[in-house]
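Notes to accompany the following structure.
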Amino acid sequence: MQCFPEPVLLVSDIDGTLLTKDYHIPLRNIMAIRRFQQEGGLFTVATGRSIESGRDTLRQVRPNAPCIVLNGGMLCVFESKHTIWSHPLDRKSV
């Protein structure tokens, strides 16, 4: 069921936002995200973590839009681990 006249994208950070201080996502938030997606919303995360580091968290909420990871250095699809865009630091910057 599509509730939104235009696509709506909801982006969340992981640490300190989606995750509580004891590193879990409240069930009511998981259910709210799922309902939002079922009604046509797009949900994803933007995080400083790598896709591997956020894997357990992302399995619970199942982003249905590309994830922004590595502090904006990469855009990827969680399910397939497909990299859409990447801009790593050059050796000099590291």
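Some values worked out for this structure:
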read-out	value
Odd one out for GLU39 among (1) open to solvent by 60 Å² or more (accessible area, probe 1.4 Å); (2) over 14 Å from the mean Cα position of the chain (by Cα)	(1)
Residue check for ALA32: open to solvent by 40 Å² or more (accessible area, probe 1.4 Å), of a type in the set (Gly, Ala, Ser) and either modelled with pLDDT of 95 or more or in contact with a His (Cβ under 8 Å, 6 or more places away or on another chain) (or both)	yes
Index of the failed condition, ASN71 passing every other in (1) in contact with a Leu (Cβ under 8 Å, 6 or more places away or on another chain); (2) modelled with pLDDT of 90 or more	(1)
Total residues in region 35-57, condition among the aliphatic types (A, V, I, L, M) and over 21 Å from PRO88 (Cβ atoms)	1
Selection status of VAL11, among the hydrophobic types (A, V, I, L, M, F, W, C), modelled with pLDDT of 95 or more, open to solvent by 60 Å² or more (accessible area, probe 1.4 Å) and within 11 Å of the chain's Cα centre (by Cα)	yes
Condition met for THR20 (open to solvent by less than 60 Å² (accessible area, probe 1.4 Å) and assigned to a loop (DSSP other than H, G, I, E, B))	yes
Yes/no for THR44 being closer than 27 Å to PHE4 by Cβ, modelled with pLDDT under 90 and either open to solvent by less than 20 Å² (accessible area, probe 1.4 Å) or not in a loop (DSSP other than H, G, I, E, B) (or both)	no
Positions within region 32-68 being aliphatic (A, V, I, L, M) and free of Cβ contacts under 8 Å to residues at least 12 places away in the same chain, in sequence order	ALA32
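The values are calculated or read from the model by the stated rules, or taken from the named source; none is laboratory data. Just so you know, these numbers come straight off a predicted model, no measurement behind them. As a convention, Cβ positions derive from the backbone with ideal geometry for all residues, glycine included, and neighbour counts pool all protein chains shown. The accessibility values were calculated without ligands, DNA or RNA, using every heavy atom of the protein model including side chains. Shrake-Rupley method; radii C 1.70, N 1.55, O 1.52, S 1.80 Å.
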